[in-house]
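Any read-out appearing in this document is the output of simple, stated calculations on the displayed coordinates, not a laboratory observation. Quick caveat: nothing in here was measured; it's all calculated off a predicted structure. Please note: Cβ atoms are built from the backbone with ideal geometry, for glycine as well, and neighbour counts cover all protein chains shown.
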Amino acid sequence: MSEFYKLSAKTIQGETITFDRYKNKVVLIVNTASKCGFTPQYEGLELLYKKYQNQGLEILGFPCNQFGNQEPNTNQAIKSGCLLNYGVTFQMFEKIEVNGTNTHNVYRYLKSKLSGFWGSKIKWNFTKFLIDKNGTPIKRYASYTKPKNIEKDIIRLLNQ
């Protein structure tokens, strides 16, 4: 079994879930922030989710306040803002850290498998990781990569 499926995280509602629920799914993981120049990507992420969720796509959002204090809100405020401003229906998790000594295990794992241009460190909000149906991290995308530009990779993995 893939290491990915042994990971767990606490949802923004406070429920701990294990990632084995994502077996045979294509998963896109994103570190998010509500006061970032990339925040409008929530809209594109939601469009992808609505378009492909019935084919097996899951999107997991992990709020993080490590970049320019761009996610100072509480989990409840983040949840409300995502729903109110962007209609987010994909799974959001509690605010975490993606770099440093308190890096969440999900990001510790992802960064160990896929380095970016600047090494394993997450450079900014809305860095994205694409995981295939077997729980293997396939590709890492920079913050500036728009969700629509990931669609072809998602389709390819859904069809495998």
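Table for the structure above
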quantity: Of Gly61, Pro72, Val27, farthest towards positive along the dipole that unit charges on Lys, Arg, Asp, Glu beta carbons give the chain; calculated: Val27
quantity: Residue pairs, from the table Lys23/Lys51; Lys6/Lys35; Lys25/Lys50, whose Cα atoms sit over 22 Å apart; calculated: Lys6/Lys35
quantity: Environment charge at Arg156 (Cβ cut-off 14 Å; Lys +1, Arg +1, Asp -1, Glu -1); calculated: 0
quantity: Spatially near lysine pairs across region 91-145, Cα under 18 Å, sequence gap of 8 or more or different chains; calculated: 16
quantity: Share of alpha-carbon pairs per 10 Å distance bin for the chain, given as whole %; calculated: 11, 44, 39, 6
quantity: Considering only the chain, percent of DSSP beta bridges that pair antiparallel, nearest 5; calculated: 55 percent
quantity: Within-13-Å neighbourhood charge of Asn75 [Cβ basis; K, R +1; D, E -1]; calculated: 0
quantity: Cβ-based net charge around Gly119, under 12 Å, with every Lys or Arg adding one and every Asp or Glu removing one; calculated: +4
quantity: Among 22-29, 148-155, the order from most to least packed when residues are scored by Cβ within 10 Å on average; calculated: 22-29, 148-155
quantity: Charge dipole (debye, nearest 20) of the chain; +1 at Cβ of Lys and Arg, -1 at Cβ of Asp and Glu; calculated: 380 debye
